[in-house]
1. In the neighborhood of Glu195, defined by Cβ-to-Cβ distances under 9 Å, what is the net charge if each Lys or Arg adds +1 and each Asp or Glu adds -1?
2. Give the shape of the range 1-80 as rounded, prolate or oblate, defined through the alpha-carbon gyration tensor: a ≥ b ≥ c are the square roots of its eigenvalues, a/c under 1.5 means rounded, and otherwise the shape is prolate if a/b is larger than b/c and oblate if not.
3. For the range 207-288, which trypsin sites (Lys or Arg not before Pro) pass both filters: DSSP loop (anything but H, G, I, E, B) and at most 10 other C-beta atoms within 10 Å?
4. Percent relative contact order of the chain, based on C-alpha pairs within less than 8 angstrom and at least six residues apart?
5. Between Ile120 and Thr100, what length in nm is gained on full extension when 0.36 nm per residue of separation is reduced by their alpha carbon distance?
6. Find, among the chymotrypsin sites (Phe, Trp or Tyr not before Pro) in the range 175-273, those assigned to loop by DSSP (not H, G, I, E, B) with at most 15 other beta-carbon atoms within 10 angstrom.
7. In nm, give the distance between the simple-model label positions of Leu214 and Glu108, each being 7 Å from the Cα along the Cα-to-Cβ direction.
8. From the Cα gyration tensor of the range 158-259, with a ≥ b ≥ c the square roots of its eigenvalues, which class applies: rounded if a/c is under 1.5, or else prolate if a/b is larger than b/c, or else oblate?
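Please treat every number below as a calculation from the coordinates, not as lab data. Since the structure is predicted, the reported quantities are computational estimates derived from the model, not experimental observations. We place every Cβ from the backbone using ideal geometry, glycine too, and count neighbours over all the protein chains shown.
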Amino acid sequence: MEVFARAVATGSFSAAARQLNMTPSAISRLVSRLEDRLQVRLLVRSTRSLTPTPEGEIYLAEARSLLDKLTDMEARITDGAQAAVRGPLRVSSTVGFGATVIMPLVPEFLKLYPEVELDITLNDSIIDLWQERTDLAIRSGALKDSALKARPITLMRRLVVVSPGYLEKHGTPERPEDLRGHNCLRYNFQPSEWEFADPETGQTLRQVVSGNFLGSDGTILRRICIEDGGLMKTGEHTVADDLATGRLVEVLAPWSPKEPEKIHAVFPGHPHLAARIRAFIDFLAAKV
């Protein structure tokens, strides 16, 4: 099971062999024996990659769950909670939050748990944890997949920012509807509307926006925004330094939602959460 799971995770027999200190041919033979025993094909092999078949996906999900349970059991037998925190851990985070908040904490986490093999991907797009084989994702907003679980780790205020140079050329929007006449930089995986709150009633308002650029990475939108390219709506942590130095300024502050968004650690809803996943979530909740 471990050989098969590692081969899928690394994408090749050669990479799995290096991690397990085996030869690629030995990895291939073990996977072939597994397929012969089950009488079903688990992997589609090509010269560049390994792709699980539908049956392989089912086997992989069950194998990972069993391997996690085995790791925890061995740790309890050796009477060391620290020993349970080991193995590969795949984490996905939004680019801004990951770069400014999570990455500075990584060295400390790895010192605490040196047997964890941490693999972090920064991506602002919506991902499928199951399809991407990701153990944990850091995301904001409501949880939509009932098969997932989430734990809040911090709060984040969303705001609209723009460069002083842009405001000199195009004027300052005073109300959300003023955005109709402005160039708004947007994420390409979100609806083309921004959410606000009426400063008097607190009622939620949604304003349709448009502009000449859409992207999947907040750092790209931020760069264009700094270069007088338009307005962007983002998390405060992403532009904290820019606001402090004056590269960007906040607009429409009275219309920003009064309640900050929750940042969640999102993970598959297995009955038994692997110790390494639990340790990373606990670490973030304590440090962020």
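1. For residues surrounding Glu195, the net value is +2.
2. Prolate, because a/c is 1.5 or more and a/b exceeds b/c.
3. Those that pass, being in a loop and sparsely packed, are Lys258.
4. Reported as a whole number, the value is 22 percent.
5. 5.8 nm
6. Counting only loop positions with at most 15 other Cβ atoms within 10 Å, the chymotrypsin sites (Phe, Trp or Tyr not before Pro) in the range 175-273 are Phe189.
7. That separation, rounded to one decimal, is 3.9 nm.
8. rounded
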